[in-house]
Structures are given as C-alpha cells and as structure tokens.
Amino acid sequence: MKRNFLSILLLSGAALVWSCDNSGSSSDTNNDTAGQNANNVEATNANNGGATNNAAPLNETDRQFVMDAAMADMMEIQSANIAQQNATSQAVKDYAAMMLRDHTASSSELKPLASSRNVMLTDSLPADARQHMDAMQKMKGKAFDNHYMKMMTDDHSKVISKFENASNTAADPDLKAWATKQLPILRMHLDSAKAIRGRM
C-alpha cells in the first residue's frame, strides 16, 4: 500500500515539474517572438526613413503651377496627335512627334508628383481648349502647318515663363527640380518651332 502511494506521489511530482518547464519554455518563446516583431517594426521604420513618407501639401502658388503644367502637357499632346494627321510638311510632322514624346514623358513624371501632394489633375481640357482642338481638326495642308507652328511658338513662350518662375521660386523642392529639368527641353521646343516657321 505504501509502495503504491509513493509511486503515485512520484508520478504527480514529475508531471508537475514537466508542466512548469513547458510553461516557461512557451513563455520564453512568446517573449522571443514579441522581441523579433518589435525589431522588425523598428527595422521597417528605419528603412522608411521614419514613421511616414507623406510629402507636405503644396502651397497655392505651387499647386496652380502643377495644374497649369499638366494642362500644357495635355494641350501639346492632343494638338500633336492632330498634327500627325493633318500636317503637310514633314518637318511639322517630325516636330509633332517630338512633342508627343517629350510631353508624354513630362506628364508621366508630373502625375505621380501631383498625386503624392494630393493634387487632383483633370483628364479633360476646358471648353475653350476643346473648341480650339475641334477647329484644328478641320484644318488641312499649309493652313494647318502655319497655325500649328504659330501655336507652338506662342504657347512655349508663355509656358517657359511659368517654368522659369517655378524653377526659381517653387517652395516644394521636388517640384522645383522637375521644373528646372524641363526648362532646357521647352527652350529647345521653342527654338525648333521658330526655326520651322522661319523656313515656311
């Protein structure tokens, strides 16, 4: 009887010791996992350069420039598409191809910049610009060539002035850098337009 009682007592003690050891191991594992998760969060924040990556919103002047620049890109792209179809001169067609390439690239850089500053850009031209595009669709031959190249000369003269101002005074550093990057391209567009008009 005593032997059975001692056997039961020993088994109960062993079970109790095993349970405590296993519980401690589980607690250590949980603590290790929590520590690893904390380290992962710290590493992620360090890689992101801080808690957030949101850029500061644009001031009103910068915001207006972004909207004007986006509209200019849209005008150049749409008028260049018309020029590819309606122009007679190969030089005018080549110029229009350059407009498509450069202003599509410009727009593809500006759109994400605007989006990151919560500036919503429209995807349609205002009514007066649409009427102008409709009128250009009806022009053919030399009349179209002359109109298009005059438009390119006038438009680029105005746009360059805005980009020069932004490259000097924009408060947002990324926007300022983008405007500065575009300026040599826009000046080349203007010089090319003047040269083509001079040969007409």
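The values are calculated or read from the model by the stated rules, or taken from the named source; none is laboratory data. Quantities reported herein were computed from a predicted structural model and do not represent experimental measurements. In this analysis, Cβ positions are derived from the backbone assuming ideal geometry, glycine residues included, and neighbour counts consider all displayed protein chains. These accessible areas exclude ligands, DNA and RNA; they are computed on the full protein's heavy atoms, side chains included. Shrake-Rupley method; radii C 1.70, N 1.55, O 1.52, S 1.80 Å.
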Using 0.36 nm per residue, how much length does the chain from residue 199 to residue 146 gain when fully extended, once their Cα-Cα distance is taken away? 18.0 nm
For the range 57-67, 3J(HN,Hα) per residue [Karplus equation, 6.51 cos²θ - 1.76 cosθ + 1.60, θ = phi - 60°, Hz, x = Gly/Pro]: x, 6, 6, 5, 5, 5, 4, 5, 4, 4, 5
Accessible heavy-atom area order of 133, 200, 71, highest first, probe of 1.4 Å: 200, 71, 133
If you take every residue apart from residue 174 with its C-beta less than 14 Å away from the C-beta of residue 174, what net charge results, scoring Lys and Arg +1 and Asp and Glu -1? +2
Cβ crowding within 10 Å averaged over residues, with 172-181, 56-65 ranked highest first: 172-181, 56-65
Going down the table (140/176; 140/194; 140/162; 138/162), which pairs top 28 Å between alpha carbons? 140/176; 140/162; 138/162
Extending each Cα 7 Å along its Cβ direction at residue 187 and residue 94, get the distance between those two points in nm, one decimal. 2.3
Per residue of the range 163-169, in order, report the coupling 6.51 cos²θ - 1.76 cosθ + 1.60 (Karplus, θ = phi - 60°) as ³J(HN,Hα) in whole Hz, putting x for Gly and Pro. 5, 4, 4, 5, 5, 9, 10
Calc'd 3J(HN,Hα), the range 184-200, phi into Karplus 6.51 cos²θ - 1.76 cosθ + 1.60 (θ = phi - 60°), Hz, glycine/Pro = x, comes to x, 5, 5, 5, 5, 4, 5, 4, 5, 5, 5, 5, 5, 4, x, 8, 7
Compactness of the range 58-200 as Cα Rg over 2.2 N^0.38 Å, two decimals: 1.06
Once ligands and nucleic acids are excluded and a 1.4 Å probe is used, how much of residue 147 is accessible, expressed in Å² to the nearest 10? 60
